[in-house]
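Undergrad: Before I ask anything, here is the structure I am working with.
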Amino acid sequence: MKEKNWLWLVITGVSLFGLFIFLSVVTMNTDTVQRVFVIISEVLGVLTLSFAIAAWMKDNTRPWVYIGTVAFLCSWIMIAVAYEIGLSANTDNGWVWFLFYYIIAISGIVVMRLSSGKVFGKETLLPISMLFVAGIQLVYVLAVHIIWSLPF
């Protein structure tokens, strides 16, 4: 496959992943519909992650676009794992998951920041957009962690 096709495949995958994450949040009140959107977004996330890793190995002209994409999707994998195991405020040793999540999310943000400085042209928008969404995700998880840690 051509290098440009790998780039479009990864950009399309990240865009569809974001769309289905948004749809799963919007349909949170309807349990069955939300579950379908979550499964679709998980499948798209794994496919996009595998495409980004494959493109990272194949395309030597833009490796930082794919490295940033992998860093972005790693924190979402942690969210998917927490959703699938049913992490809640009553879960024993939930702090272990939060510790690993914070390590992965902060290192992912650092990698995306580095990749946004090393990507030029129109592709610069992808790491910057992923950095923005990862920042919002980190603040959201931090708020959930604080609320779950309250004593009442």
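Undergrad: Need one word for the chain: rounded, prolate or oblate. Basis is the Cα gyration tensor (sqrt eigenvalues a ≥ b ≥ c); a/c below 1.5 gives rounded, then a/b vs b/c decides. Let's see the in-between values first.
TA: Working: a/c = 2.31, a/b = 1.61, b/c = 1.43.
Prolate.
Undergrad: Spin-label point model (7 Å from Cα, Cβ direction): what's the I103 to K4 distance in nm?
TA: Roughly 4.2 nm, to one decimal.
Undergrad: Would you tally the net charge around I67, using a Cβ to Cβ cut-off of less than 13 Å, leaving I67 out, and scoring K and R as +1, D and E as -1?
TA: Details: positive: R62, R113, K118; negative: D59, E123.
Local charge sum for I67: +1.
Undergrad: While we're looking at this one, here's another question. Pick out which of M112, M78, M57 has the largest mean-square fluctuation in a Gaussian network model of the chain, springs linking Cα atoms closer than 10 Å.
TA: M57
Undergrad: Can I ask one more? Under 15 Å from a label point 7 Å along Cα→Cβ of I77: give me every residue in the range 104-135 with its amide N that close.
TA: 104-109
Undergrad: Roughly how many nanometres apart are two label points built 7 Å out from the Cα toward the Cβ at I128 and T61?
TA: Modelled inter-label distance: 2.1 nm.
Undergrad: Another question, then. M28 to Y140: extension gain in nm, 0.36 nm per residue of separation minus the Cα-Cα distance?
TA: 38.8 nm
Undergrad: Compute the Cα gyration tensor for the range 31-80, then decide on rounded, prolate or oblate, letting a ≥ b ≥ c be the square roots of its eigenvalues: rounded whenever a/c is under 1.5, prolate when a/b is larger than b/c in the other cases, and oblate in all that remain.
TA: Numbers: a/c = 4.21, a/b = 2.57, b/c = 1.64.
Prolate, because a/c is 1.5 or more and a/b exceeds b/c.
Undergrad: To continue, here is another question. Just the ratio, please: alpha-carbon radius of gyration of the range 83-140 over 2.2 N^0.38 Å, N its number of residues. Present the calculation step by step, with values, prior to reporting the outcome.
TA: Details: Rg = 14.7 Å, N = 58, 2.2 N^0.38 = 10.3 Å.
Compactness ratio reported: 1.42.
Undergrad: Let me ask something else. What do you get for the angle between helix 63-85 and the principal long axis of the chain? Use alpha-carbon atoms, 0 to 90 degrees, nearest ten.
TA: Helix 63-85 sits at roughly 20 degrees to that axis.
Taken together, the values in this text are just the output of simple stated rules run on the coordinates, not laboratory data. Here the structure is a predicted model, which means the values were calculated and not measured. As a convention, Cβ positions derive from the backbone with ideal geometry for all residues, glycine included, and neighbour counts pool all protein chains shown.
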